[in-house]
Amino acid sequence: MQFSPNEQQRQIIESLQTLLSRHAGRERALQFARTPGYDHELDAALGQAGFLDISQASETGGLDAALAGFETARTAAVTCFTASALVSPNVTGHVSDLRVALAEAPVTQPIRLGGYCEMLLVLNDDEALTLDTTPDDWTTVDTNRAGFPLARLRPGAITRARSLGPGSGARLRDWWRVEIAVQAAGLMKGALDLTVDFLRDRRQFGRPIGSFQAVQHRLGRLAVMVEGARWLAFEAAYRDARPDLAATAAAFAAGGADTMFRECHQLHGAIGFTRDFPLHVWSIRLLQLQQELGGVSRHRRDAAQLTFLNPEVLAAAVTPAV
Amino acid sequence: MEFDWTDEDAAYRAELRAYIRKMLPKGWRGYDQTDRPAYKTAARAFAQGMAEHGWLTQNWPKEYGGAECSAWRQAILGEELTPIGEPRGSQYMNVNWIGPAIMRFGTEEQKLNHLRRIAAGDVFWCQGFSEPDAGSDLASLRTRAVRDGDDYVVNGSKIWTSHVGIADFCILLVRTGEPDSRARGITVLIVPMGQPGFTTRHINSLAGDESHYELFFDEMRIPVSARLGEENQGWEVVRWALAYERVGSTQYQRAAVQLAEAAEIAIANGKFDDPEIQSRFGEAWAACQAARLLTLKVYDLREAGSPPTADSNLSRLISTDCLKMVAQLSADVLGLEALDRKGPGIDPIRNASMAVASGTSEIQLDRIAIDFLGLPRSK
């Protein structure tokens, strides 16, 4: 049991943070919100630095990819990185440099970053499907330039999908849940950092708003939410997306997403509802993530079933009654 | 970063579980604390048995009766013993923070007198911290200790002290500085129970028969040699103590075990099939698991030799939130049956009271805001 990163993980985090300081950040996030598009420059930098291979690079590759995904999500970068580097290799069994997006059959819902992906992984009950896609397969969804760019798959395109075989669906569901947890934790952290920075500086009644206890306590609860989401996501990734842990991590992270959205906006006041202020880039993504893969209630019910109806999982988690 | 227990730690846990099964009767849920002599005898026997195996103070230095293992052994002890009603009785406090505080701040004589006894499972302590006018604002405490030769003369009172009925010693916070010296004028004394001038009064508590006492000090004389740490430097001891205390009894695991029991009932009575109830079980379980990780992170910091951080406040806040959430869910599963004290329901009052003990949730939030988030102070 060790919560601090090992030497290799420390190097991964440091070099990724350096890379992100050059290719991502609040200004860049706002730029992409003003002029929607995909951050190919960031993707190229991540690829060149070897981050796309991260999940296969060592024994703790799943966790390492989750750590990298968290750092990337924190910056609200417009990239398929977490789906490509965390989910795809663990479902398909191999690393590729394709931009990957995630969907659930019958693929009628808008899909996060769908219009920019080259491969779509589709959860179809107990099997995962792969679909190579081109921009022609997609119609853009009008999101009012807020949150993740969304796109809808054109009817008929799904017929080209190939199955990865029975049982592959469970693997996709579990890693997708870890990805949701990692993304949500990173976005929450980014939104909270913005909010804390703002409330340290913004003065009303002659003092920083962040010095009022009524405000501090609300931020304190958000901090607990972010930290809990982060560590649950990392543990689930470390344990190879074990189904109960993946559902638990997604339940906690997605379950807190709307609270984080509401609280950060409320604590910002009117400025938070403007396009010039970057909060919306983080906050609206949280609301979108919350709806993926059946939403919060499904994560929670699956977490409950996978724990309380599974004697082996339960016995390992709690002291048996005397 | 890794989330596995070592083989040695897992083996320790397995041995502990076997010992618990051997020592405690089936269906045991905790001591009947109204029968103090029986409680004390049984808790002492349990702890002494553990001490004989060397399990009580595994992470202590060898010279004080430990085995120099990692701090993780403390986490395992807590995870196994807190949820089942803490068969060590109040001795868990000794091992968690009183012993470490004596190791860090005590004189050689104090170490000699107390640490071996604690390691042997032979002694019960209580803590005299809160006062009628110094609860959340602990640094405003007024119980006064005045030097008189080689003694301190203590006058004042304490309140909300647990385990008084069985304790052998009290670790007492007193004011030795000026009345307005706040944290700069507090001293810690080690006081034997029954010292002349020291009386106690039981408080009828909703949270359990032996939950709370008042302590009164009337011209009580305590030798200066019983002081823990330097005069007026007691706040540093308190900071250490509270950081250890907040994670010492693993409340997340108590909540998780209670939740598992409520789930068993819900599965049996069909409520688990209700999607809304099932969703709430998932929500509560996720919160308990987040609380587990945030608490284990504090042990990790302790193992790394870190001074106290606000991580212990995050741990305490979410753990006590879990206890409240689980009690409500248990009530919704059982209906009015939940109010039968001899039934399987979880006591919502006791669970709610945990969010007041060891610093209220509001104090935890204050610390998180200032120390964890770096927000400006309110004054």
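The values are calculated or read from the model by the stated rules, or taken from the named source; none is laboratory data. Please read these numbers as outputs of a predicted model, since none were measured by experiment. For neighbour counting, all protein chains shown are included, and Cβ atoms are generated from backbone atoms with ideal geometry for every residue, glycine included. To get the accessible areas, we keep the full protein, side chains included, count just its heavy atoms, and leave off ligands, DNA and RNA. Shrake-Rupley method; radii C 1.70, N 1.55, O 1.52, S 1.80 Å.
Numbers for the structure displayed
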read-out	value
With 10 Å bins from 0: P(r) over the range B:7-123, alpha-carbon pairs, percent	14, 47, 31, 8, 0
Chain B: angle of helix B:36-53 to the longest principal axis, Cα-based, in degrees nearest 10	80 degrees
Angle between chain B longest axis and helix B:311-334 axis [Cα atoms, degrees, rounded to 10]	40 degrees
Highest-MSF residue in chain A out of A:Arg145, A:Arg154, A:Arg300 [GNM, Cα springs under 10 Å]	A:Arg154
Estimated [θ] at 222 nm from DSSP helical runs (n ≥ 4, -39500 (n - 2.57)) normalised by residues in chain A, nearest 500	-18000 deg cm²/dmol
Probe 1.4 Å, all protein chains present, accessible-area order of A:Tyr38, B:Tyr92, largest first	B:Tyr92, A:Tyr38
Global form of the range B:260-379, assessed from the alpha-carbon gyration tensor, a/c cut-off 1.5	prolate
Cα→Cβ-extended label distance, 7 Å offset, between B:Thr360 and A:Asp142, nm	5.1 nm
Beta bridge orientation in the protein assembly as shown: antiparallel %, DSSP, nearest 5	80 percent
Interface area, B with A, accessible, probe 1.4 Å, both sides summed, Å² nearest 100	5100 Å²
Whole-percent carbon and sulfur share, accessible surface of the range A:170-314, 1.4 Å	51 percent
Average other protein chain Cβ within 10 Å of Cβ, residues A:302-314	5
Paired Rg and Dmax values of chain B, which use every Cα atom, in angstrom	20.8, 71
Selected from B:Asn96, B:Asn204, B:Asn59 as most flexible by GNM, with chain B as the system and alpha-carbon contacts under 10 Å	B:Asn204
Whole-Å semi-axes of the ellipsoid equivalent to the protein assembly as shown (Cα gyration tensor, √5λ, descending)	49, 28, 22
For B:Glu178, solvent-accessible area (1.4 Å; no DNA, RNA or ligand), Å²	120 Å²
Carbon plus sulfur fraction of accessible area for chain B, probe 1.4 Å, in percent	50 percent
Efficiency of FRET from Cβ geometry, A:Glu41 and A:Asn6, R₀ 45 Å, rounded to 0.05	0.90
Accessible heavy-atom area order of A:Met188, A:Met1, highest first, probe of 1.4 Å	A:Met1, A:Met188
Over chain B: helical MRE at 222 nm, DSSP H runs n ≥ 4 each giving -39500 (n - 2.57), nearest 500	-13500 deg cm²/dmol
Of all DSSP beta bridges in chain A, antiparallel share, percent nearest 5	75 percent
Extension gain from B:Glu219 to B:Ser136, taking 0.36 nm per residue of separation minus the Cα-Cα distance	27.3 nm
Efficiency of FRET from Cβ geometry, A:Gln17 and B:Asp168, R₀ 51 Å, rounded to 0.05	0.45
Residue among A:Gly62, A:Gly167, A:Gly37 with the largest mean-square fluctuation in a Gaussian network model of chain A, springs linking Cα atoms under 10 Å	A:Gly167
Residue-level accessible surface for B:Val237, protein heavy atoms, 1.4 Å, Å²	10 Å²
